[in-house]
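The structure appears below as structure tokens.
The values are calculated or read from the model by the stated rules, or taken from the named source; none is laboratory data. This is a predicted model, so every value here is computed, not measured. Every residue, glycine among them, receives a Cβ derived from its backbone with ideal geometry; neighbour counts consider all protein chains shown.
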Amino acid sequence: MTVLQILAVVLATLVGFVVLLLLLLRFALPWWLSRKIAAMADLPQTGIAARITLVPNVQTWQQPGTAGQVDALLAAGFDEVGRFSVPEMPTMQLWAGVHPQDGVAAAVYDHGKMPVFFDLVRVYADYATCTVTTNPIHDPDNVPQGSACIADPAMTAAAAQDILRAQPLAGTVLPMDAENFGPIFIELYARSIDHILSKNMPDADKMRRVGARVSEATGTPVPELDDKQMQWAIEMERGNRLSALQEAIIDRFLQSGQVDAREWERVRDRVVVVHDLLSREDAADLARMAADWDASGPVAESVLSQMLSPIDTFEHIAVLLPETQRLRLLGEVDHPLYSQLYVANV
């Protein structure tokens with residue numbers, strides 16, 4: 001399940017709400033019940049947003065309580081940064097603010113199908129966060145290591161501000177203002193989604209728990225799935241996550257500077273990413289991309305029988321192939337998880 005957010009809220013929400021919003025808007029509803037959930041929630045079928053952008057927006061609020069939450073934060077001393085939409089998350093709008101004295105950010109999330117909620121976020125120099133949120137589907141598992149999140153859907157803006165101020169400092173605070181809000185929010189989102197995507201794939205129990213939280217928050221009943229339908233939903237979720245994870249890995253690789261822009265444009269359509277959240281069979285197929293398929297079949301079967309990790313499966317097959325049929329190592333990254341990027345030599 002999936003959904004995202006912004007600002008301190010975005011920052012904290014990215015840790016809390018964004019992770020939840022990701023789980024709500026992009027993970028929970030779209031992939032989970034596919035047609036059933038899409039029909040149930042009336043949401044478009046979209047994948048997981050590995051990265052997001054913020055676009056200034058002045059559209060009418062979708063939820064009746066949004067304006068009141070904004071007013072409460074303004075009354076608590078927050079200055080408005082702006083209103084935004086998130087193109088990668090259909091129907092998501094948000095209000096962003098910063099507190100000039102506290103240096104913390106606030107975000108109010110206005111989504112077409114979710115009750116309005118807000119985040120208050122303190123950001124540290126290492127991008128860890130302390131967030132106080134009214135996110136109704138908060139999942140502690142989605143909070144990145146080193147960050148903290150306190151969630152209570154019934155909190156008022158004033159109460160949330162008092163709670164955040166009472167939290168002990170866990171490092172050097174990175175003051176939020178109108179100039180740095182956008183870039184910090186986007187990076188916080190990226191770190192939060194990286195954390196989500198780097199974990200093991202959800203199973204049926206996890207999907208049902210998330211679905212129950214979404215159902216409670218929205219008042220929409222959760223469709224009943226038999227074992228076959230649930231397995232289908234799990235496979236859809238796995239595909240969505242792997243696609244988003246590859247996008248996140250490539251983004252981190254490009255940030256690392258291991259390849260220049262000209263070289264990347266030359267190879268980008270031939271890049272494959274290998275990591276241990278792939279299946280061993282997927283890793284074997286990637287290793288054989290440039291090989292003679294029939295001749296490499298026995299090699300792949302022999303290595304697969306060893307029950308190695310996906311990365312080791314790839315590497316063991318590669319060294320047994322003729323050198324001209326091997327993929328070339330382009331680079332490695334440690335985040336969101338250790339991964340190797342290869343390219344076919346053509």
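For the reader, a short list of remarks on this structure follows.
- Residues of region 240-275 that turn out to be surrounded by fewer than 16 Cβ atoms within 10 Å (Cβ to Cβ) and in a loop (DSSP other than H, G, I, E, B), as a count: 3
- Residues considered: GLY182, GLY211. Of these, the only one that is under 19 Å from ASP102 (Cα atoms) and within 24 Å of the chain's Cα centre (by Cα) is GLY182.
- Among the residues making up region 67-116, a single one is touching a Leu at 6+ places or on another chain (Cβ under 9 Å), over 21 Å from ILE184 (Cα atoms) and of a type in the set (Val, Ile, Thr): THR91.
- Any hit, region 301-311, residues being buried (at least 19 other Cβ atoms within 10 Å of the Cβ), among the β-branched types (Val, Ile, Thr) and in contact (Cβ under 8 Å) with a residue 24 or more places away in the chain: no
- Neighbours by Cβ (under 7 Å, 6+ apart or cross-chain): first from region 313-342, more than 19 Å from ASP251 (Cα to Cα); second among the basic types (Lys, Arg) and buried (at least 18 other Cβ atoms within 10 Å of the Cβ): THR313/ARG280; ILE317/ARG288; ALA318/ARG326
- Pairing residues of region 52-68 that are part of a loop (DSSP other than H, G, I, E, B) with residues that are among the acidic types (Asp, Glu), at Cβ distances under 6 Å and at least 6 apart in sequence or on separate chains, gives ILE52/GLU88; TRP61/ASP110; GLN62/ASP110; GLN63/ASP110.
- If the condition is being touching a strand residue (DSSP E or B) at 6+ places or on another chain (Cβ under 8 Å) and among the hydroxyl-bearing types (Ser, Thr, Tyr), then region 125-154 contributes THR129, THR131, THR133, THR134, SER147.
- When ARG270, ARG288, ARG266 are checked against the criterion of being free of Cβ contacts under 8 Å to residues at least 12 places away in the same chain and more than 24 Å from the chain's Cα centre (by Cα), ARG266 stands alone in meeting it.
- Residues (more than 17 Å from MET201 (Cβ to Cβ) and out of contact with any strand residue (DSSP E or B) (no Cβ under 7 Å at 6 or more places or on another chain)) located in region 272-295: ALA284, ASP285, ALA287, ARG288, ALA290, ALA291, ASP292, TRP293, ASP294, ALA295
- Scan of region 328-341 for residues that are in a loop (DSSP other than H, G, I, E, B), surrounded by 16 or more Cβ atoms within 10 Å (Cβ to Cβ) and at pLDDT 95 or above, ordered by number: PRO336, LEU337
- Taking each residue of region 118-133 that is not assigned by TED's automatic domain parsing to the domain that holds ILE184 and in a strand (DSSP E or B) and looking for partners that are surrounded by 24 or more Cβ atoms within 10 Å (Cβ to Cβ) and modelled with pLDDT under 95 with beta-carbon atoms closer than 6 Å, six or more apart or interchain, yields nothing.
- Restricting region 178-190 to residues that are touching a residue at least 60 places away in the same chain (Cβ under 8 Å) and surrounded by fewer than 24 Cβ atoms within 10 Å (Cβ to Cβ), the residue that is nearest to HIS138 (Cα to Cα): ALA190
- Boolean, GLN167 is exposed (fewer than 14 other Cβ atoms within 10 Å of the Cβ) and either of a type in the set (Asp, Glu) or closer than 28 Å to ILE48 by Cβ (or both): no
Listed here are the residues, each with its yes/no results for (1) aromatic (Phe, Trp, Tyr); (2) within 24 Å of TRP232 (Cα to Cα); (3) at pLDDT 95 or above; (4) in a loop (DSSP other than H, G, I, E, B).
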residue: LEU169; (1), (2), (3), (4): no, no, yes, yes
residue: MET176; (1), (2), (3), (4): no, no, yes, yes
residue: GLU179; (1), (2), (3), (4): no, no, yes, yes
residue: ILE184; (1), (2), (3), (4): no, no, yes, no
residue: LYS199; (1), (2), (3), (4): no, yes, no, yes
residue: ASP205; (1), (2), (3), (4): no, yes, no, no
residue: GLY211; (1), (2), (3), (4): no, yes, no, no
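- A single member of ASP102, ASP79, ASP139 is at pLDDT below 95 and either buried (at least 18 other Cβ atoms within 10 Å of the Cβ) or closer than 21 Å to ASN57 by Cβ (or both), and it is ASP139.
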